Amino acid sequence: MFDILPYFFRRALRNMAQSPFLCIAAVATVTVSLTIVAFFVIIVFNVEKITARWSQEVQVVAYLDQVPAPAVLDQRVRDIRKIEGVAEVEVVSREQAFERFRGRLGQHAELLEGVDPQILPASLEISLKPDYRNRQGVENLVAALKARGDLGDLRYGHDWLVRFEAFLGLLRLMGLVLGGFLLFATLFIVSNTIRLTLFVRRDELEIMALVGATPLFIKTPFIIEGALQGLCGGLLSLSGVYLVYRLFLREGLGTLLFTAGGSEVLFLPPAYLVGLIGLGLFLGVFGSLGALRKFVRI
Amino acid sequence: MIQLHNVSKAYQKDSSALDQISLKIEKGEFVYLTGASGAGKSTLLKLLYGGERPNRGQILLDGRNITRMGPRQLPLVRRRLGIVFQDFKLISTRTVFENVAFALEVQGRKRFEISKKVYAALKNVGLEHKLNRRPLELSGGEQQRVAVARALVVDPIVLLADEPTGNLDPETTLELMDLFKSANARGSTVVMATHDRELIRRFPRRVITLDAGRVVEDRHV
Ligand SMILES: Nc1ncnc2c1ncn2[C@@H]1O[C@H](COP(=O)(O)OP(=O)(O)OP(=O)(O)O)[C@@H](O)[C@H]1O
Ligand SMILES: [Mg+2]
């Protein structure tokens with residue numbers, strides 16, 4: 001075979017040079033939609049990270065109305081440890097609870113002067129294994145504890161967990177719907193711009209077919225064209241997203257999400273970056289394939 | 001070289017463009033296809049290069065049945081044909097050289113081979129000095145010679161021409177006929193659709209006359 005790939009590339013580049021506006025339109029479409037998708041991914045990615053950190057603190061506290069005999073207490077702790085998803089059970093005695101409280105008051109600790117150290121109830125602090133640190137895990141544990149009947153009041157950060165999980169779910173759903181819609185629209189637009197370039201070159205395509213070009217030979221330059229446009233769009237959106245991230249997101253969104261100090265907003269991890277460019281490539285290639293499917297029937 | 005068996009073609013259901021055509025064209029023949037407008041000349045040529053498919057019947061080209069050929073084999077058959085149209089069908093954004101080279105590029109020929117053959121083909125039609133012009137900078141006759149060069153550059157076994165002289169004045173028509181005759185003399189089978197009775201009288205060859213999709217006369221010379 002002769003130097004066929006450079007030939008195809010030359011044809012693709014020439015096509016793009018001959019209809020620069022169509023080319024720019026396709027690249028811009030890919031860029032804009034990938035940028036929006038990437039922002040969404042950044043947000044979801046970071047919110048997930050925060051959730052993961054917050055949920056480390058998820059635990060259930062069981063208050064003990066009366067402190068049972070040490071042997072009974074030990075037995076109870078052992079039983080609770082056997083419940084599915086339980087990582088650790090810590091016994092907090094009345095005195096320990098009092099000490100913690102005093103520690104938290106800091107310089108105002110003298111307020112507790114003369115207060116009975118037995119005034120706070122003893123409790124069991126039950127933490128969950130990482131996989132169970134979610135609403136379902138907490139609810140299952142609470143149900144199991146309630147079923148025992150020998151524990152008093154149960155406290156758990158259930159409410160915010162429910163709300164937060166709902167929020168995260170909504171965010172993911174929105175991302176999925178919006179992203180899906182965007183990508184579909186982009187595919188459609190890219191496909192149509194390539195169809196326009198096909199239309200511009202329809203004489204050429206007809207003549208190619210007449211002099212015996214195979215369908216693959218006719219199509220390949222256009223697929224390359226689509227791939228290049230998608231790639232360009234992917235790279236442009238990447239640099240765009242990174243720029244906006246550096247300028248606004250890293251600090252701006254950071255102060256919004258992490259009120260009490262903490263880490264900054266993270267950029268997309270490398271695998272996602274590759275994925276984004278891959279998505280651009282996918283859009284370009286399948287956009288042109290879609291255009292060619294309807295056009296080249298010779 | 002070319003054989004048709006009971007070939008029928010209808011673009012719409014009720015009207016048929018070709019009706020049960022059977023004919024045989026030998027290797028090296030020069031054949032005029034004539035008949036009134038709408039008789040089916042262009043349709044017959046389209047069937048021969050696979051631009052349309054017959055509804056019925058079989059077409060053999062160089063011993064191969066092209067009737068049911070798939071999109072992968074058909075291009076390989078077309079590479080051995082030369083096709084010339086009334087409206088030239090040149091790519092206006094390409095130079096004369098590139099237009100002719102196109103026919104070899106799609107076959108994946110080597111570059112130096114392409115240059116050599118294209119130059120020879122342009123020289124054959126007397127346009128080697130204009131190979132960097134664009135088609136629209138040329139006269140109609142010159143454009144048609146470029147199209148002929150593109151058809152002949154592949155050394156076609158069959159040269160199909162659909163009213164190639166339709167847009168040309170008598171003078172250039174004669175030039176073009178010389179090119180067709182010499183291609184025929186070099187071994188290409190030629191099938192030319194034409195209205196031009198004067199042309200047929202001047203260069204008498206076998207004449208197949210169509211009327212309403214049927215062969216009404218087949219006059220061998
Ligand atoms: N693409 C098409 N779709 C529908 N009908 C067509 C098509 N092409 C040709 N026809 C019809 O088929 C018949 C034969 O047409 P064809 O073009 O083969 O005639 P022709 O002999 O080449 O005429 P002309 O001398 O005017 O070029 C005509 O009735 C024409 O209307
Ligand atoms: Mg015609």
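Could you check how much of the accessible area of the range A:1-113 is carbon and sulfur, as a whole percent, using a 1.4 Å probe?
Carbon with sulfur: 61 percent of the solvent-accessible area.
Checking an interface number: how much accessible area is buried between B and A, summed over both chains, with a 1.4 Å probe, in Å² rounded to 100?
Working: alone 11120 and 17360 Å², together 26500 Å².
Approximately 2000 Å², summed over both chains.
Per residue, how much accessible surface does chain A expose to a 1.4 Å probe? Answer in Å², no decimals. Don't jump to the answer; show the numbers that get you there.
On the way: 16330 Å² over 298 residues.
It amounts to 55 Å² per residue over chain A.
Quote the relative contact order of chain A in percent (integer), defining contacts as alpha-carbon pairs under 8 Å separated by 6+ residues. Display every interim value, and only then the final one.
Numbers: 336 pairs, mean separation 87.9, N = 298.
Computed value for chain A: 30 percent relative contact order.
Can you pull out the trypsin sites (Lys or Arg not before Pro) in the range B:153-219 whose DSSP state is coil and whose Cβ has at most 13 other Cβ atoms within 10 Å? Working shown, then result.
On the way: sites: B:181, B:186, B:197, B:201, B:202, B:205, B:206, B:214, B:219; in loops: B:186, B:205.
Sites meeting the loop and neighbour criteria: B:186.
Once the other residues with Cβ under 14 Å from the Cβ of residue B:68 are scored (Lys, Arg +1; Asp, Glu -1), what is the net sum? Don't jump to the answer; show the numbers that get you there.
Values: positive: B:53, B:56, B:64, B:72; negative: B:52.
Residues close to residue B:68 contribute a combined charge of +3.
Heavy atoms only, probe 1.4 angstrom, no DNA, RNA or ligands counted: give me A:36, B:91 ranked by accessible area, highest first. Working shown, then result.
Numbers: A:36 70, B:91 10 Å².
The residues order as A:36, B:91, largest area first.
Estimate the FRET efficiency between residue A:66 and residue A:163 by the formula 1/(1 + (r/R0)^6), using the beta-carbon distance for r and 35 Å for R0, to the nearest 0.05. The partial results should precede the final answer.
On the way: r = 34 Å, r/R0 = 0.98.
The computed FRET efficiency comes out at 0.55.
Taking the Cα atoms only, what angle lies between the long axis of helix A:270-295 and the longest principal axis of chain A, rounded to 10 degrees?
Here the helix axis deviates by roughly 40 degrees.
Give me the percent of DSSP beta bridges within the protein assembly as shown that run antiparallel, rounded to the nearest 5.
65 percent
Using a 1.4 angstrom probe with every protein chain in place, what is the largest-first accessible-area order of A:232, A:23?
On the way: A:232 65, A:23 25 Å².
Ranking A:232, A:23 by accessible area, largest first, yields A:232, A:23.
Normalised by the number of residues in chain B, what is the relative contact order in percent for Cα pairs under 8 Å and 6+ residues apart? Intermediate values should be presented prior to the final figure.
Numbers: 405 pairs, mean separation 65.3, N = 221.
So the answer I get is 30 percent.
Please list B:196, A:131, A:65 in order of solvent-accessible area, largest first, computed with a 1.4 Å probe with all protein chains present.
On the way: B:196 55, A:131 130, A:65 110 Å².
Largest accessible area first, the residues go A:131, A:65, B:196.
Let me confirm one metric for peptide A:213-220, namely the mean number of other chain beta-carbon atoms within 10 Å of its residues' beta-carbons.
Numbers: counts 9, 11, 5, 3, 5, 2, 0, 0.
For this peptide, the per-residue mean of nearby foreign Cβ atoms is 4.
Take every DSSP beta bridge with both residues inside chain B and express the antiparallel ones as a percent of the total, to the nearest 5. Numbers along the way, then the final one.
Working: 17 of 36 bridges.
If we restrict to bridges inside chain B, about 45 percent are antiparallel.
Any chance you could look up the accessible area of residue A:54 with a 1.4 Å probe, heavy atoms only, rounded to 10 Å²?
Using a 1.4 Å probe on the heavy atoms, I get roughly 90 Å².
Between beta-carbons, use under 11 Å as the cut-off and find the net charge around residue A:148, counting Lys and Arg +1, Asp and Glu -1.
On the way: positive: A:76, A:146; negative: A:79, A:150.
Cβ neighbours under 11 Å give a net charge of 0.
Report, in deg cm²/dmol and to the nearest 500, the calculated mean residue ellipticity at 222 nm for chain A, where each DSSP H run with n ≥ 4 adds -39500 (n - 2.57) and the sum is divided by the residue count. List each step's numbers first, then the result.
Working: 10 runs with 206 residues, N = 298.
So the helix-based figure for chain A works out to -24000 deg cm²/dmol.
So what is the 222 nm mean residue ellipticity for chain B from helices alone, if each DSSP H run of at least 4 adds -39500 (n - 2.57) and you divide by all residues, rounding to the nearest 500 deg cm²/dmol?
Numbers: 7 runs with 73 residues, N = 221.
About -10000 deg cm²/dmol.
Determine the shielding of peptide B:71-84 by partner chains: average, over its residues, the number of Cβ atoms on other chains within 10 angstrom of each Cβ.
Working: counts 7, 3, 1, 5, 12, 2, 1, 7, 4, 1, 3, 2, 4, 0.
Whole-number average of other-chain Cβ neighbours for B:71-84 is 4.
What is the local net charge at residue A:64, summed over the other residues whose Cβ is closer than 15 Å to its Cβ (Lys, Arg +1; Asp, Glu -1)? Display every interim value, and only then the final one.
Values: positive: A:76, A:94, A:146, A:148, A:155; negative: A:65, A:74, A:79, A:90, A:95, A:125, A:150, A:153.
Spelling it out: positives minus negatives among the neighbours equals -3.
The values are calculated or read from the model by the stated rules, or taken from the named source; none is laboratory data. Since we're looking at a predicted model, the values are computed, not measured. As a convention, Cβ positions derive from the backbone with ideal geometry for all residues, glycine included, and neighbour counts pool all protein chains shown. For the accessible areas, the whole protein counts, side chains as well, though only heavy atoms, and no ligand, DNA or RNA atoms are used. Shrake-Rupley method; radii C 1.70, N 1.55, O 1.52, S 1.80 Å.
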